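S.K.: I'd like to ask you about the structure that follows.
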Amino acid sequence: MSKLTRRKFLRLAGVGLASGAGALGFSRSASAQSGAARIVVIGGGFGGATCANYLKRLDPGLSVTLVESSKRFVTCPFSNYVIADWRTISTITHNYAATQKHGVEVVQDTAIAIDAIARQVSLKSGKRLAYDRLVVSPGIDFKWGAIEGYDEAAAEVMPHAWKAGPQTLLLRKKILGMRNGDTFILVAPGNPFRCPPAPYERASVIAYYLKSYKPRSKILILDSKESFSEQALFMDGWDALYPGMIEWVSGARGGRVTSVNTKTMTVATEIEKYRGNAVNVIPPQMAGNIARDAGLVDETGWCPVDPRTFESKKHKGIHVIGDAANAAPMPKSGFVANSQAKIVASAITRELRGHAPFDGVYVNTCYSLLAPDYGISMANVYRTSADGIQEVSGAGGVSPREASAAFRAEEAKYAAGWYASIVADIWS
């Protein structure tokens, strides 16, 4: 990583270190008039669970309720390593015991409607939750049908595995079932989508498995884009580790997929048709269902927000964080959601006390493994300004292209450390 040392970056990011209440502007002992305020958080992922935890850390007097339909959360970060058999699904599965210990009420239910006027959330069980402030962190949904022939039923044959859990295990099963000499096809989505480097990391870790057990097999990446995140680093790694195994086809060269056929296992582009023995289709994405139903999205399919507080530009009193928010130029990643959640927790507690929110500093880092001992990374820092969210020039960077094997191995170790830190920050 250039220009920003790891120590300085982690200090700025605050994961597991300086990310407590004091770092966000209040002592834990301060409670004041906001103690009676009711905060409801929808979604228990990187954004929602973090925000719920930090609201209670910043002001223990708040009434904070987290609504999450699942008892356990399976992280998309590190799910690629389950597909490659480097990890088990249990090692990336987390519960909400720590969240409850913070004093957050965890309601296992599904939010089905938001009444922004009455300030109420309706749940699938029939229960209604009143709120003074609402945080919506629903993640993504898929644009089923955007690719002809690809719907929820097709995903059982050509898995997307872009929501971690059963789909992750299904794709792993498809890869394990390939024969030596078979072809794996990965269909990459257009921007914006969840975790920009992840499709190319996925191709890399699957290549590692195939090289080890089915070395005559090939990987074809069909991409609607003309470039992708950390492209030079990935391609350098592919040339070094998997020469001749991975082919990437850009949109202009015929990579834009128009339809799929699960019966013939074919993928059609604007130029050619391909047959795969295992196919991974990552479809176009949009904000989660509850955000769309509540009228929080615009024509982009994402939620426009105030860059300082992430309060919805559609409805006052509702904050949208994580993948569902349109917070460009910030990417949609778990680390970004965690960073946004802390800033929003601070903004809410300050505003409840009648104070103006701070101008936030948001951070992102993404680690990708191309092999168990070959890691690459990127980091970015963002600030709010009169023009919105701006990337801080010179405050981030990517792994150097010219790096030793020892350096790449250290990056792989940092990736494991990063995951342990962010998981501890949210679920421990």
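The values are calculated or read from the model by the stated rules, or taken from the named source; none is laboratory data. It should be emphasised that the depicted structure is a prediction, and the values quoted were computed from it without experimental measurement. Neighbour counts are summed over all protein chains in view; Cβ atoms, including those assigned to glycine, are modelled from backbone coordinates with ideal geometry.
S.K.: For segment 163-206, enumerate the residues that are crowded, with 20+ Cβ neighbours inside 10 Å and either among the hydroxyl-bearing types (Ser, Thr, Tyr) or free of Cβ contacts under 8 Å to residues at least 40 places away in the same chain (or both).
M.R.: Thr168, Tyr200, Ser204
S.K.: Working only within segment 357-382, note down all residues that are modelled with pLDDT of 95 or more and of a type in the set (Gly, Ala, Ser).
M.R.: Ser368, Ala371, Gly375, Ser377, Ala379
S.K.: Hey, could you check segment 380-408 for residues that are assigned to a helix (DSSP H, G or I) and more than 24 Å from the chain's Cα centre (by Cα) and say which is nearest to Arg308 (Cα to Cα)?
M.R.: Applying the first criterion (assigned to a helix (DSSP H, G or I)) to segment 380-408 yields 405-408.
Within this subset, residues satisfying the condition of being more than 24 Å from the chain's Cα centre (by Cα) are 405-407.
Numbers: Ala405: 41, Ala406: 40, Phe407: 37 Å.
By that ranking, first place goes to Phe407.
S.K.: Being out of contact with any strand residue (DSSP E or B) (no Cβ under 9 Å at 6 or more places or on another chain) and free of Cβ contacts under 8 Å to residues at least 12 places away in the same chain is the filter; apply it to segment 388-406 and report the residue that is surrounded by the fewest Cβ atoms within 10 Å (Cβ to Cβ).
M.R.: Here the residue is Glu402.
S.K.: Can you name the number of the only condition in (1) under 30 Å from Asn53 (Cβ atoms); (2) surrounded by fewer than 17 Cβ atoms within 10 Å (Cβ to Cβ); (3) without any contact (Cβ under 8 Å) to a residue 40 or more places away in the chain that Pro243 fails?
M.R.: Among (1) under 30 Å from Asn53 (Cβ atoms); (2) surrounded by fewer than 17 Cβ atoms within 10 Å (Cβ to Cβ); (3) without any contact (Cβ under 8 Å) to a residue 40 or more places away in the chain, Pro243 violates only (1).
S.K.: Still on this structure: What residue, of Asp306, Asp323, is acidic (Asp, Glu), surrounded by 20 or more Cβ atoms within 10 Å (Cβ to Cβ) and out of contact with any Cys (no Cβ under 7 Å at 6 or more places or on another chain)?
M.R.: Only one candidate qualifies: Asp323.
S.K.: Identify the single condition in (1) more than 19 Å from Pro372 (Cβ to Cβ); (2) over 23 Å from the mean Cα position of the chain (by Cα) that Lys163 does not satisfy, given that it satisfies every other one.
M.R.: Single failed check for Lys163: (2).
S.K.: Same structure again: Looking at segment 144-162, which of the residues that are among the small types (Gly, Ala, Ser) and in a loop (DSSP other than H, G, I, E, B) is surrounded by the fewest Cβ atoms within 10 Å (Cβ to Cβ)?
M.R.: Top of the filtered list is Ala153.
S.K.: Ok, one more. Tell me, which residue of segment 207-249 that is of a type in the set (Asp, Glu) and out of contact with any strand residue (DSSP E or B) (no Cβ under 7 Å at 6 or more places or on another chain) is nearest to Leu176 (Cα to Cα)? Write out each step before concluding.
M.R.: Step one: of segment 207-249, the residues of a type in the set (Asp, Glu) are 223, 226, 230, 236, 239, 247.
In the following step, the residues that additionally are out of contact with any strand residue (DSSP E or B) (no Cβ under 7 Å at 6 or more places or on another chain) were identified as 226, 236, 239.
Details: Glu226: 30, Asp236: 26, Asp239: 24 Å.
Out of the qualifying residues, it is Asp239.
S.K.: Now for a different question. Looking at (1) crowded, with 21+ Cβ neighbours inside 10 Å; (2) closer than 30 Å to Trp418 by Cα; (3) more than 17 Å from the chain's Cα centre (by Cα), which is the one condition that is false for Asn338?
M.R.: Status for Asn338: all satisfied but (3).
S.K.: Follow-up question, since we're still on this one. Is it the case that segment 409-424 has a residue that's of a type in the set (Val, Ile, Thr), surrounded by 14 or more Cβ atoms within 10 Å (Cβ to Cβ) and within 28 Å of Val106 (Cβ to Cβ)?
M.R.: yes
S.K.: Then there's this: Condition first: in the same structural domain as Thr309 (by TED's automatic domain parsing) and in contact with a helix residue (DSSP H, G or I) (Cβ under 6 Å, 6 or more places away or on another chain). Can you find one or more residues in segment 380-390 that meet it?
M.R.: So far as segment 380-390 goes, no, none of its residues is in the same structural domain as Thr309 (by TED's automatic domain parsing) and in contact with a helix residue (DSSP H, G or I) (Cβ under 6 Å, 6 or more places away or on another chain).
S.K.: Right, another one. Out of all the residues in segment 138-149, is one or more acidic (Asp, Glu), within 30 Å of Leu210 (Cα to Cα) and without any contact (Cβ under 8 Å) to a residue 40 or more places away in the chain?
M.R.: Looking through segment 138-149, none of the residues is acidic (Asp, Glu), within 30 Å of Leu210 (Cα to Cα) and without any contact (Cβ under 8 Å) to a residue 40 or more places away in the chain.
S.K.: Then there's this: Mind listing just one residue for me: the one in segment 352-369 that is touching a strand residue (DSSP E or B) at 6+ places or on another chain (Cβ under 8 Å) and closer than 27 Å to Asp132 by Cβ and, of those, surrounded by the fewest Cβ atoms within 10 Å (Cβ to Cβ)?
M.R.: Once the filter is applied, the top-ranked residue is Asp359.
S.K.: Please indicate, with yes or no, whether at least one residue in segment 352-362 is in a helix (DSSP H, G or I) and within 20 Å of Ala49 (Cβ to Cβ).
M.R.: no
S.K.: State which residue is farthest from Ser70 (Cα to Cα) when the search covers only segment 122-141 and only residues that are touching a Lys or Arg at 6+ places or on another chain (Cβ under 7 Å) and crowded, with 18+ Cβ neighbours inside 10 Å.
M.R.: Narrowing segment 122-141 to residues touching a Lys or Arg at 6+ places or on another chain (Cβ under 7 Å): 122, 130-132, 140.
Remaining after also requiring crowded, with 18+ Cβ neighbours inside 10 Å: 131, 140.
Values: Tyr131: 22, Ile140: 16 Å.
Taking the candidates together, the pick is Tyr131.
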